[in-house]
Structure formats: structure tokens, C-alpha cells
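Visitor: Below is the structure I would like to discuss, written out as C-alpha cells.
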Amino acid sequence: MTLLEKLEEARADLEKIVTAVEAGEEVTEEEMEQAMDAVKTAQKNVDNADEAQKLIKSLETPKEEKADKEVKEMPRSIGENFVEHIKSMNVGKRFDVSAPAFKAATDIQTSPSGAVDFATTFDKNVVEAARTPLVVRDLFGAETISGSTLVYLVEGAIQGAPAVTAEGNEKPQVHFADPTPKTVSLAKIACHIKESDEYINDYPFLASAINGRLLYELGLVEQNKLVTDLLATSGIQAETGWAASTTAAQLADLILDAAMKVQQNSGFPADAILINPADWYSLRIAKDGENRYYGGGFFGTQAVADVWGIPVCVTTAVTAGKIVVGAFKTCASVVQNGGVSVEAVNTNEDDFVKNLMTIRAEERLALAVRRPAGFCHITKASS
């Protein structure tokens, strides 16, 4: 007997009892309660069965949908995140896609010209040009704001000083001068690339194009801007004495002097050194009077590049003849509004009639140098 049949039987028994009561026949309370309980139990069983069926149906997801869902929940990069938005939108002939996170600017990535033998395996991966490591941003602290401008206060100079005083004597006063407001405005960094719109469904290539080329170009501009803004900040310290005749050992001494200035005047130890590859090369190959490398021979086991125990960041973001020593993490931070956004459209200019799409990436950020004394640059004097 099914649950519905049991429910109908319990209802019929209850109706018989109700009819008997109305006819004046004798019915005990126990019989009435048993009949009512039987109806309630049968109804509850039917309701539970309905809920169970709905639950099972909700869990029945096709394998393809489950795989898509797993990818959507864990995008591993901005490019993959953008691709997932395209999948969910079911892009057609015309599209305008917006998702949150190298060639010349006019170049377009299309299939290479020339006939391809069907027996030949064609690798669509592009052999990328040399890439400058994007390492500068990670040296700084990080902040997020919702607006476009940040105003922060720099503590004023201290006036007076505590002192040891005898009982009953006047105690010295300590006063901090009014703080100075500093303002930084977020700048927008953006770039775009053009691709054949046939790649809109080639998800691996599309993700790699965004991650490997578009975001790299964006990050390269970002890195150069951060260094430029840092060196343009008022209050950055300077160490002099780097001349054309300066030896590697003397330059190492100047680096240590700059690190000491950073710690003495900011209160924080230097945590990184920015140096151009050419200058790092000159330091690395320097030898002492007995023709031994200062930094160990070329079979050395030095895992991390450093000078005086301070990690060295070798980058072309600083020009040759310029070295920056600083307490990057504690004395300055990259301020950003949101993250990197990626958008694509095929209705830009004449993209639609040429079967092209324009993919744009952009971000808004600024560098807030809260303690300029936490940085010191060493500049080589022109000969």
C-alpha cells in the first residue's frame, strides 16, 4: 500500500467515526484520537516524501554543469575569471563583456598566414618576448579605498624632550607640531589588445592572452610608475659620493650608509634595495686584492641576492646609476580602488565588420609614501 493509499484509508476511517458521532452512536475518545492520529501520521509521511523528492531533484546536476560550477568557484587568475563570465553570458555575434580582474598597440593577433598541412600539428601558443620581472609592487604595503583621493596626516616635529627630573622640580613639556596633510590622487592605468573574435570560445588561449600579455603590459607600466612616484616624493633622503671612479667596495659602503640613514631617520630598518641589472652586475663580479669574488665564486650557493643582509631587487624599473634603499613595507603603500578590471567588446570602431574584439584592462592606484625618510637614493654623478 502506498503512502497516498494509507492516507486515503485513514481519512475514510475518520469520516466513518465523524458520521457515527453525528448519528448519535457511541464513540469513545480513544477511538476518535486514534483515527485523528492516523490521519496526521499519514499526511506527515506524504509531505516528507514530497520534500525528499524535491531535495533529490535539486541535487541532480549534469556532470558538465558540475564541472563548470567548480571552475567558477575557484578562478585561478584574472584571465580565467574573465573567461568564466563569457561562458555564463552565452556570447553571440555581438557582445559586450565586462569582468572584474605584445606587439605594437595597433597589432592584431590572428591566425598566421600561409597554408598549413593537415598532417602538421599546429601549436597556437605564442612564443613570448623577454619579460621584465614585476617585483616592485610586492615590496610595498597595500591599502584599499572607495574614493579617488586619499588625504593622510604626517606627524609634526617633536618639540622638547622627556628628561630625568628630581622630585619637586618642574617637568619638561613635550609637544608635537601640527600634522601636515598629504594628498595623493589615484591614477588610472589602462591598455588594450585586439584579438580575432574566433578566440572568444577558445577559453585557454583567451585566458593566457589576458594573463600573459595584457596584464603584463599593465603591470609593467604600474611598476615604472611606482618607482617614478617614489623618487619624486619630497623628503626622500639622498646619499652622495657615487662617482665614476667609485669601486665596488666603496659602492657597497654607500649602500650601507644609505641603509643606516633609513633606520636612523625613520626608525625602521631597510628591507629592500632596488638596483638596475647593470649596476648589480658590477657589484656581483667585483673581486678583492687576491682576485677573489666579494660575493663568492660562480659556484656559490647563495639562495637570495642581498647586500649587507638586505634583499636585493634587480629591476629595470630603476635606471643604471640609481640605487634605492628603503623600508618599503612599513614606510609606503600602494593605495587602490578595487582590483584590475577586464572588459571586452566587438562593437568598438570597426571590430564587428572585421571579426575582431578589443580587450581592455585597467586599474586605479596611487603610491602613499607616509614616511619619506624611510627611503634613500644613491645617484651616480655624471662624468
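Visitor: Give the residues of the stretch 31-55 that are more than 12 Å from L7 (Cβ to Cβ) and either surrounded by 12 or more Cβ atoms within 10 Å (Cβ to Cβ) or in contact with a Cys (Cβ under 7 Å, 6 or more places away or on another chain) (or both), sorted by residue number.
Guide: Selection gives E31, M32, Q34, A35, M36, D37.
Visitor: Looking at (1) under 27 Å from A327 (Cβ atoms); (2) touching a Cys at 6+ places or on another chain (Cβ under 9 Å), which is the one condition that is false for E217?
Guide: Checking E217 against (1) under 27 Å from A327 (Cβ atoms); (2) touching a Cys at 6+ places or on another chain (Cβ under 9 Å), the one that fails is (1).
Visitor: Mind counting the residues in the stretch 217-229 that are closer than 30 Å to M357 by Cβ and either surrounded by fewer than 16 Cβ atoms within 10 Å (Cβ to Cβ) or among the charged types (D, E, K, R) (or both)? Walk me through how you get there before you give the answer.
Guide: Of all residues in the stretch 217-229, those closer than 30 Å to M357 by Cβ come to 217-225.
Keeping just the survivors that are either surrounded by fewer than 16 Cβ atoms within 10 Å (Cβ to Cβ) or among the charged types (D, E, K, R) (or both) gives 217, 221-222, 225.
Summing the residues that are closer than 30 Å to M357 by Cβ and either surrounded by fewer than 16 Cβ atoms within 10 Å (Cβ to Cβ) or among the charged types (D, E, K, R) (or both) in the stretch 217-229 gives 4.
Visitor: Got a sec? Which of Q159, Q173 is in contact with a Gly (Cβ under 9 Å, 6 or more places away or on another chain), under 30 Å from Q263 (Cα atoms) and loosely packed, with under 11 Cβ neighbours inside 10 Å?
Guide: Q173
Visitor: Hey, another quick one. Being modelled with pLDDT of 90 or more, within 17 Å of V136 (Cα to Cα), touching a helix residue (DSSP H, G or I) at 6+ places or on another chain (Cβ under 6 Å) and among the small types (G, A, S) narrows it down to one of A272, A373, A332, A366, so name that one. Write out each step before concluding.
Guide: On the way: A373 fails: within 17 Å of V136 (Cα to Cα); A332 fails: touching a helix residue (DSSP H, G or I) at 6+ places or on another chain (Cβ under 6 Å); A366 fails: touching a helix residue (DSSP H, G or I) at 6+ places or on another chain (Cβ under 6 Å).
The match here is A272.
Visitor: Let me ask something additional. Considering only the stretch 349-383, state which residues are farther than 30 Å from A270 by Cα and in a loop (DSSP other than H, G, I, E, B). Walk me through it before giving the result.
Guide: Initially, the stretch 349-383 is screened for residues farther than 30 Å from A270 by Cα, giving 349-362.
The answer is E349, D350, D351, F352, V353, K354, N355.
Visitor: Here is a further query. What about K194, is it surrounded by 14 or more Cβ atoms within 10 Å (Cβ to Cβ), under 30 Å from R364 (Cα atoms), out of contact with any Pro (no Cβ under 6 Å at 6 or more places or on another chain) and of a type outside the set (A, V, I, L, M)?
Guide: On the way: surrounded by 14 or more Cβ atoms within 10 Å (Cβ to Cβ): yes; under 30 Å from R364 (Cα atoms): yes; out of contact with any Pro (no Cβ under 6 Å at 6 or more places or on another chain): yes; of a type outside the set (A, V, I, L, M): yes.
When the stated conditions are applied, K194 passes them.
Visitor: All but one of (1) modelled with pLDDT of 55 or more; (2) assigned to a loop (DSSP other than H, G, I, E, B) hold for Y152; state the number of the condition that does not hold.
Guide: In the conditions (1) modelled with pLDDT of 55 or more; (2) assigned to a loop (DSSP other than H, G, I, E, B), Y152 misses (2) alone.
Visitor: Here's something else I'd like to know. Do we find that K72 is surrounded by 10 or more Cβ atoms within 10 Å (Cβ to Cβ), at pLDDT 80 or above, in a helix (DSSP H, G or I) and not aliphatic (A, V, I, L, M) in this structure? Break it down stepwise before answering.
Guide: Numbers: surrounded by 10 or more Cβ atoms within 10 Å (Cβ to Cβ): yes; at pLDDT 80 or above: no; in a helix (DSSP H, G or I): yes; not aliphatic (A, V, I, L, M): yes.
Spelling it out, it is not the case that K72 is surrounded by 10 or more Cβ atoms within 10 Å (Cβ to Cβ), at pLDDT 80 or above, in a helix (DSSP H, G or I) and not aliphatic (A, V, I, L, M).
Visitor: Suppose the filter is over 22 Å from G338 (Cα atoms) and surrounded by 11 or more Cβ atoms within 10 Å (Cβ to Cβ); does E143 pass it?
Guide: Working: over 22 Å from G338 (Cα atoms): no; surrounded by 11 or more Cβ atoms within 10 Å (Cβ to Cβ): yes.
Against the criterion (over 22 Å from G338 (Cα atoms) and surrounded by 11 or more Cβ atoms within 10 Å (Cβ to Cβ)), E143 does not qualify.
The values are calculated or read from the model by the stated rules, or taken from the named source; none is laboratory data. These figures come from a predicted structure and were not determined experimentally. Neighbour counts run over all protein chains shown; Cβ positions are idealised from the backbone, glycine included.
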